[in-house]
Amino acid sequence: MASLSVALQNLAGLNASKVEEIVIRKSHFSILYGTLLHHSTARVLKIHDIPIKSINEYTFWGINTTLEELRIINTSLTSFPREAFKVLGNLKILEIDSHNIQILNTNEFDDSQLPVKLEKIYLTNGNITEIGANAFQHLKKAKVVDLHGNQITALKKNQFRGLRDAEVLDISFNHIAKLESSHIADLTKLTICNVSHNKLAELSRCEMS
């Protein structure tokens, strides 16, 4: 971790304006923290195959002014890094794939800059069993919401409240037994709704209309 921090700081000092993408992969630390990214000006950050369980609140300071795409893949995250993500006001794409997050709380995006420009959010192939009511209400610019491959068993009333610009919703490969109009009432611009590979016994026309 220390060596990586020094390397990125040296890179920032030598060639900061030309760094488009930073990829960190196949390391062994469990906490992402410190000034690792404070001097970086990359537009894209990809973190792959690292057993990260948590991300410190101040990790993305500095890079938050330029970061537009963040992909965190195959980690051991146990909760949504709410405090760390709060400063990512320029982010357009957020992907967390193959993780151990179990609950997405209602307040994950409260008092956060993350929703300001966010257009695509992927929380996929993990252990999410429960999503708080109105959890996405601040994501007013999101066009893609992908939750496929989790362990979701039930949706709440107004589950996707606030997603009035969403065009794609993917909740496939979960354990959802019922989809009602109250779950998706705000999704007035939806063009693709993938609910395949769930436990739905029926899907009536009234629910979709």
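The values are calculated or read from the model by the stated rules, or taken from the named source; none is laboratory data. All values reported here derive from a predicted model rather than from experimental measurement. Using ideal geometry, Cβ is built from the backbone for each residue, glycine included, and neighbour counts are taken over all protein chains shown. Side chains included, ligands, DNA and RNA excluded: accessible areas come from the protein's heavy atoms. Shrake-Rupley method; radii C 1.70, N 1.55, O 1.52, S 1.80 Å.
In the set 72, 103, 93, 52, only one residue is open to solvent by 50 Å² or more (accessible area, probe 1.4 Å) and among the aliphatic types (A, V, I, L, M); that residue is 103.
What pairs come out if I take residues in the stretch 20-33 that are closer than 21 Å to residue 44 by Cβ and open to solvent by less than 30 Å² (accessible area, probe 1.4 Å) and pair them with residues that are of a type in the set (Val, Ile, Thr) and not in a loop (DSSP other than H, G, I, E, B) whose C-beta lies under 8 Å away, six or more apart or interchain? Hits for this filter: 22/44; 24/47; 32/47; 32/55. Determine whether residue 109 is out of contact with any Cys (no Cβ under 7 Å at 6 or more places or on another chain), over 14 Å from residue 187 (Cα atoms), in a loop (DSSP other than H, G, I, E, B) and open to solvent by less than 60 Å² (accessible area, probe 1.4 Å). Against the criterion (out of contact with any Cys (no Cβ under 7 Å at 6 or more places or on another chain), over 14 Å from residue 187 (Cα atoms), in a loop (DSSP other than H, G, I, E, B) and open to solvent by less than 60 Å² (accessible area, probe 1.4 Å)), residue 109 qualifies.
Against the conditions (1) in contact with a helix residue (DSSP H, G or I) (Cβ under 9 Å, 6 or more places away or on another chain); (2) in a loop (DSSP other than H, G, I, E, B); (3) open to solvent by 30 Å² or more (accessible area, probe 1.4 Å); (4) not small (Gly, Ala, Ser), residue 153 satisfies every one except (1).
What is the residue count in the stretch 33-68 for residues that are on the phi > 0 side of the Ramachandran plot and of a type in the set (A, V, I, L, M, F, W, C)? Can you show your working first?
Going through the stretch 33-68, the residues on the phi > 0 side of the Ramachandran plot turn out to be 34, 49, 62.
Retained after the next criterion (residues that are of a type in the set (A, V, I, L, M, F, W, C)): none.
The total comes to 0.
For residue 57, the criteria (1) surrounded by fewer than 16 Cβ atoms within 10 Å (Cβ to Cβ); (2) within 12 Å of the chain's Cα centre (by Cα) hold in every case but one, which is (2). Among what's in the stretch 134-182 and is over 14 Å from the mean Cα position of the chain (by Cα) and among the acidic types (Asp, Glu), pick the residue that is nearest to residue 113 (Cα to Cα). Looking at residues that are over 14 Å from the mean Cα position of the chain (by Cα) and among the acidic types (Asp, Glu), I get 165. The set of residues in the stretch 156-192 that are charged (D, E, K, R) and either at pLDDT 95 or above or open to solvent by 50 Å² or more (accessible area, probe 1.4 Å) (or both) comprises 156, 157, 161, 164, 165, 167, 170, 178, 180, 189.
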